[in-house]
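*Asks:* Pasting in a structure now, in structure tokens, and then I'll have a few things to ask.
The values are calculated or read from the model by the stated rules, or taken from the named source; none is laboratory data. Just so it is clear, the structure is predicted and the values come from calculations on it, not from any experiment. A quick note on method: Cβ atoms are made from the backbone with ideal geometry, for glycine too, and the neighbour counts reach across all protein chains shown. For the accessible areas, the whole protein counts, side chains as well, though only heavy atoms, and no ligand, DNA or RNA atoms are used. Shrake-Rupley method; radii C 1.70, N 1.55, O 1.52, S 1.80 Å.
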Amino acid sequence: MNLLYSNDKQGQYPQSWYAATADFLPPQSELRGSTHADICVVGAGFTGLSAALHLAELGYDVVVVEAHRVGFGASGRNGGQLGSGQRMEQDGLEKYVGLDKAKTLWSMGEEAKDLVKSLIKKHNIECHLKPGIAWAASSKSDVHHLHDYAETLQSTYGYDQISALTKDEMHKLCPSPDYCGGTLDMGAAHLHPLQFVLGLARAALAAGVRIYENSAVHHIKEGAKPIVQTDHGRIECDQVVLAANGYLGNLNRKVAARVMPINNFVAATRPLTDAECDMVLTRDVAIADSRFVVNYFRLSHDNRLLFGGGESYGYRFPTDIAAKVRKPMSMIYPHLKDVEIDYAWGGTLGITMKRMPYLARTASNIWNASGYSGHGVGTATHAGQLIAQAIHGDSKGFDVMASIPAPSFPGGGAMRTPLLILAMTWFSLRDRIGL
């Protein structure tokens with residue numbers, strides 16, 4: 001099954017609230033015939049466009065090939081949360097890679113947030129960037145964990161942007177009967193992700209990058225001069241950057257064994273009244289909760305509730321995405337169980353076994369960054385910059401990320417999906433019974 005076409009129409013953005021409110025680029029031409037470049041980037045999302053922009057600024061001739069449109073994939077569909085640190089929490093990282101490297105990875109996570117904010121400012125990207133993400137807990141044990149984690153970030157990592165929230169403080173911020181405490185991270189942020197990725201594309205084009213849309217790559221011939229083959233064109237280059245994340249397919253087996261595509265879903269309600277907004281969030285921050293199958297949400301700039309949630313097993317989107325998302329949304333906000341949903345969409349992201357990104361040189365001149373596991377707004381943008389720096393000769397940051405152990409999924413590409421279904425079924429059951 002080719003996920004590029006399983007749930008979407010060729011060259012068309014999903015019918016999302018993001019697409020309905022985006023300032024699109026003029027369509028870029030399809031690649032036809034042969035061309036040359038120093039670097040060929042596969043995928044026009046956060047990673048690919050960040051890599052292309054930074055490489056062009058370093059003087060390289062860069063071509064980006066995108067199977068659909070700029071920002072078509074997870075970069076233009078996600079929850080828009082720019083989180084702190086890495087996807088794995090720091091105490092878990094300390095056990096996995098040691099305290100010193102965990103501290104380095106924390107610093108790199110902070111660099112990722114700063115990079116996104118600086119790119120938005122430098123290139124005047126209008127993407128409604130706002131500070132603040134609260135983590136909400138549905139059980140007393142999760143409250144204790146979140147409070148302990150905030151204390152760890154403050155004491156061990158010197159991070160003073162996070163604070164603990166009692167049950168009353170959480171309810172004052174987020175009046176949901178489901179939550180009983182949490183934390184508030186004002187160093188994190190949220191934004192309109194499609195507007196951000198389109199802004200990166202404009203900056204890349206202005207820097208001289210050539211972007212070809214509707215140009216799916218079906219083969220890469222490795223060698224001293226790799227050849228990237230599309231349906232109607234080919235690119236001979238010196239280096240290749242794989243930046244397709246959950247949509248990479250079988251272009252590279254080493255990556256496919258370590259990065260699994262899964263689907264996630266988001267819905268946007270009708271615009272809420274001021275009184276209804278006050279019963280959802282009393283501050284303009286985003287929320288993510290402590291469930292294994294995470295619910296994440298925020299209010300849009302036009303007062304809609306943007307709510308992400310609902311698990312799906314298999315690669316086909318459900319026929320009624322709105323109903324899929326309404327179920328967890330109604331658990332968090334029972335008073336909105338019948339509210340009109342104007343937009344509902346799905347997207348495919350890449351996850352790894354340890355929920356840490358997979359950065360690797362799969363050959364001497366082929367670079368991969370993917371598997372952001374729901375933490376991609378900052379990490380993916382940063383990964384593109386790290387690849388650009390490494391190609392230019394400074395691989396320190398890339399090497400740190402590439403040194404994180406990245407186990408293959410059991411059974412590789414053949415068994416990873418059924419095993420994931422078993423695991424996700426158990427964890428979603430655990431969420432529902434409150435373990």
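*Asks:* In this structure, is PRO27 touching a residue at least 60 places away in the same chain (Cβ under 8 Å), assigned to a loop (DSSP other than H, G, I, E, B) and exposed (fewer than 13 other Cβ atoms within 10 Å of the Cβ)?
*Replies:* The answer is yes for PRO27.
*Asks:* Quick check on my filter: what residues within region 109-145 are under 17 Å from MET186 (Cα atoms) and either of a type in the set (Val, Ile, Thr) or not in a helix (DSSP H, G or I) (or both)?
*Replies:* Those that are under 17 Å from MET186 (Cα atoms) and either of a type in the set (Val, Ile, Thr) or not in a helix (DSSP H, G or I) (or both): VAL116, HIS128, LEU129, LYS130, PRO131, GLY132, ILE133, ALA134, TRP135, ALA136.
*Asks:* Criterion first (over 30 Å from GLU57 (Cβ atoms), of a type in the set (Asp, Glu) and in contact with a helix residue (DSSP H, G or I) (Cβ under 9 Å, 6 or more places away or on another chain)) does ASP148 satisfy it?
*Replies:* When the stated conditions are applied, ASP148 passes them.
*Asks:* Restricting attention to region 374-406, which residues are under 19 Å from GLY80 (Cβ atoms) and at pLDDT 95 or above?
*Replies:* HIS375, GLY376, VAL377, GLY378, THR379, ALA380, THR381, HIS382, ALA383, GLY384
*Asks:* Inside region 391-415, can you point out the residues that are crowded, with 21+ Cβ neighbours inside 10 Å and closer than 17 Å to CYS40 by Cα?
*Replies:* Passing the criteria: only ILE391.
*Asks:* Let me ask something additional. Here is a list of conditions, (1) within 26 Å of LEU386 (Cα to Cα); (2) surrounded by 19 or more Cβ atoms within 10 Å (Cβ to Cβ); (3) touching a residue at least 24 places away in the same chain (Cβ under 8 Å), and ALA102 meets all of them except one; can you say which number that is?
*Replies:* That leaves (3) as the condition not met.
*Asks:* Could you list, in sequence order, all residues of region 208-247 that are among the polar types (S, T, N, Q) and either without any contact (Cβ under 8 Å) to a residue 60 or more places away in the chain or under 13 Å from HIS68 (Cα atoms) (or both)?
*Replies:* Within region 208-247, ASN214, SER215, GLN229, THR230 qualify.
*Asks:* Another question, if that's okay. Restricting region 1-24 to residues that are open to solvent by 70 Å² or more (accessible area, probe 1.4 Å) and among the hydrophobic types (A, V, I, L, M, F, W, C), which is modelled with the lowest pLDDT?
*Replies:* Looking at residues that are open to solvent by 70 Å² or more (accessible area, probe 1.4 Å) and among the hydrophobic types (A, V, I, L, M, F, W, C), I get MET1.
*Asks:* Here's another thing I want to ask about it. Being surrounded by fewer than 16 Cβ atoms within 10 Å (Cβ to Cβ), more than 24 Å from GLY314 (Cα to Cα), touching a strand residue (DSSP E or B) at 6+ places or on another chain (Cβ under 9 Å) and of a type in the set (D, E, K, R) narrows it down to one of ARG283, ARG298, so name that one.
*Replies:* Just one listed residue meets the conditions, ARG283.
*Asks:* Just a yes or no: is a residue in region 139-159 under 28 Å from ALA112 (Cα atoms), free of Cβ contacts under 8 Å to residues at least 24 places away in the same chain, of a type in the set (Ser, Thr, Tyr) and open to solvent by 10 Å² or more (accessible area, probe 1.4 Å)?
*Replies:* yes
*Asks:* If we keep just the residues of region 319-335 that are touching a residue at least 60 places away in the same chain (Cβ under 8 Å) and either surrounded by fewer than 13 Cβ atoms within 10 Å (Cβ to Cβ) or of a type outside the set (Phe, Trp, Tyr) (or both), which is farthest from VAL293 (Cα to Cα)?
*Replies:* PRO334
*Asks:* Sticking with this one: Within region 320-351, take every residue that is hydrophobic (A, V, I, L, M, F, W, C) and in a helix (DSSP H, G or I) and give me the one that is farthest from the chain's Cα centre (by Cα).
*Replies:* Filtering first and then ranking leaves LEU336.
*Asks:* How many residues are touching a strand residue (DSSP E or B) at 6+ places or on another chain (Cβ under 8 Å) and surrounded by fewer than 24 Cβ atoms within 10 Å (Cβ to Cβ) when one looks only at region 361-383?
*Replies:* 6
*Asks:* Of the residues in region 30-64, how many are out of contact with any His (no Cβ under 6 Å at 6 or more places or on another chain), surrounded by fewer than 24 Cβ atoms within 10 Å (Cβ to Cβ) and in a loop (DSSP other than H, G, I, E, B)?
*Replies:* 4
*Asks:* If you go through region 354-370 one residue at a time, do you hit one that is assigned to a loop (DSSP other than H, G, I, E, B), more than 29 Å from SER84 (Cβ to Cβ) and at pLDDT below 95?
*Replies:* Scanning region 354-370 turns up no residue that is assigned to a loop (DSSP other than H, G, I, E, B), more than 29 Å from SER84 (Cβ to Cβ) and at pLDDT below 95.
*Asks:* Which of the residues belonging to region 5-24 are farther than 13 Å from GLY71 by Cα and touching a residue at least 40 places away in the same chain (Cβ under 8 Å)?
*Replies:* Once the filter is applied, which keeps residues that are farther than 13 Å from GLY71 by Cα and touching a residue at least 40 places away in the same chain (Cβ under 8 Å), region 5-24 yields SER6, ASN7, ASP8, GLN10, GLN15, TRP17, ALA20, THR21.
*Asks:* Please pick out the residue among SER75, SER84 that is in a helix (DSSP H, G or I) and buried (at least 17 other Cβ atoms within 10 Å of the Cβ).
*Replies:* SER75
*Asks:* Can I ask one more? Hey, does region 160-168 have a residue that's modelled with pLDDT under 95, touching a strand residue (DSSP E or B) at 6+ places or on another chain (Cβ under 9 Å), outside any helix (DSSP H, G or I) and not charged (D, E, K, R)?
*Replies:* For region 160-168, residues modelled with pLDDT under 95, touching a strand residue (DSSP E or B) at 6+ places or on another chain (Cβ under 9 Å), outside any helix (DSSP H, G or I) and not charged (D, E, K, R): absent.
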